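Data block below; observations after.
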Amino acid sequence: MRPRPVIALVGPTGTGKSDAAIGLARELGGEIVNADALQFYRGMDIGTAKLGVGERGGIPHHLLDILDLSEEASVAAFQAQARTAISAIQERGRLPILVGGSGLYVRAALDELEFPPTDPAVRRRLEREAADHGTAGLHQRLAAADPASAARGLDDRRLIRALEVHEITGRTFSSYMPERKYQQRSLQLGLDLDRPLLHQRLERRVRTMHQAGLLGEVERLLAQGLRDTKTASRAIGYAQFTQALDGTCTIEEAIEATTVATRRFARRQVTWFRADPRVRWFDSTDPCLVDTLSAAVRDFEGPPAT
């Protein structure tokens with residue numbers, strides 16, 4: 001029998017993807033693979049809206065709590081882990097359901113996406129050059145080596161990455177840009193809702209996180225080294241509540257700043273996923289949402305092949 005397809009449930013934060021995925025998994029015999037980069041981290045629970053074990057409806061969840069704070073999330077590593085988890089689910093005759101709003105991680109799992117190699121020594125040298133002499137020379141070098149990437153107006157981090165890739169591979173950074181081509185049979189289902197309603201929901205969610213103990217969670221993580229991390233310390237909610245603990249803002253100001261940052265993040269997510277014409281969109285307020293999504297998956301999957 002051919003393996004069951006990969007189903008990806010995507011869209012902006014706050015649209016109910018986690019709950020919808022559980023409902024879908026119950027209906028269709030599925031297991032869930034996490035594609036939210038911050039939910040990889042152990043201890044980052046309240047601020048990432050990570051479902052507790054008792055909230056997962058008995059559905060197996062994969063790739064949650066796989067990193068310590070000191071570790072850096074890697075899209076390339078996630079690609080290998082996600083595909084391993086997906087294959088194992090398919091081998092059990094179950095339906096893999098990829099869930100998350102981290103757009104690049106979703107694409108890494110689904111698409112034929114090649115990641116360029118890295119060389120820490122080359123990167124450090126380029127970073128020192130930027131620190132000592134500025135980035136004007138680096139921009140000129142990139143314009144000569146990779147005009148397509150240079151024309152994108154890369155920030156300093158991506159500028160250095162583009163030069164690193166060209167130096168160690170001889171290929172342009174732009175040559176690694178992926179096509180929208182699935183690595184295997186896949187269906188993306190997008191959840192969205194009207195902006196005013198989404199904004200209200202996000203504000204309520206941030207306040208609920210505060211009531212659930214986000215400040216205490218951040219305090220515990222700071223004791224574990226949160227401040228020294230590159231990714232986790234800048235995560236929405238964690239950065240703002242760290243400022244509150246430092247006394248540079250009030251709790252109410254931290255709540256408001258987190259709400260604003262979350263809304264901006266949701267807009268970026270909508271832009272990312274709307275740019276992919278393969279995503280089929282659904283209203284997350286539909287009272288029959290799980291039935292509607294299940295019907296879409298059954299129609300896509302078709303009768304079992306032999």
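No value in this document is a laboratory result; all are computed from the given coordinates. Note that this is a predicted model, so its numbers are computed, not measured. Glycine also receives a Cβ, built like all others from the backbone with ideal geometry; neighbour counts cover every protein chain displayed.
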>> Under the rule of at least 5 residues apart or a separate chain, name every residue whose amide H is placed under 5 Å from the amide H of residue 98.
In response: 7, 8, 9, 33
> Ordered by packing density, taken as the mean number of other Cβ atoms within 10 Å over each peptide's residues, highest first, how do 118-126, 237-245 rank?
Replying inline: 237-245, 118-126
> What ranking do 177, 1, 209 get, fewest neighbouring Cβ atoms within 10 angstrom at the top?
Replying inline: 1, 177, 209
> Which net charge results when you count Lys and Arg as +1 and Asp and Glu as -1 among the other residues whose beta-carbon is under 10 Å from that of residue 168?
Replying inline: -1
> Among 250, 13, what is the fewest-to-most ranking by other Cβ atoms within 10 Å?
Replying inline: 250, 13
>> Cut-off is 10 Å between beta-carbons; in what order do 246, 68 appear when sorted fewest neighbours first?
In response: 246, 68
> Given [x] 20.8, 64; [y] 21.9, 70; [z] 20.6, 68 as candidate values of Rg and Dmax of the Cα atoms in Å, which corresponds to the one derived from the coordinates?
Replying inline: [x]
> For residue 219, what charge total do you get from the other residues with a beta carbon under 12 Å from its beta carbon, if Lys and Arg give +1 and Asp and Glu give -1?
Replying inline: 0
> For the residue pair residue 180 and residue 230, what label-to-label distance in nm results when each label sits 7 Å from Cα along the Cα-to-beta-carbon direction?
Replying inline: 3.0
> How many angstrom separate the Cα center of the range 66-117 from the Cα center of the range 205-280?
Replying inline: 23
>> I need the calculated FRET efficiency for the pair residue 301 and residue 245, taking r as the beta carbon distance and R₀ as 45 Å, to the nearest 0.05.
In response: 0.40
>> Can you compute the FRET efficiency between residue 131 and residue 152 using 1/(1 + (r/R0)^6), with r the Cβ-Cβ distance and R0 = 22 Å? Round to the nearest 0.05.
In response: 0.45
> What full-extension length gain, to one decimal in nm, is calculated for residue 278 and residue 169 as 0.36 nm per residue of separation minus the Cα-Cα distance?
Replying inline: 36.1 nm
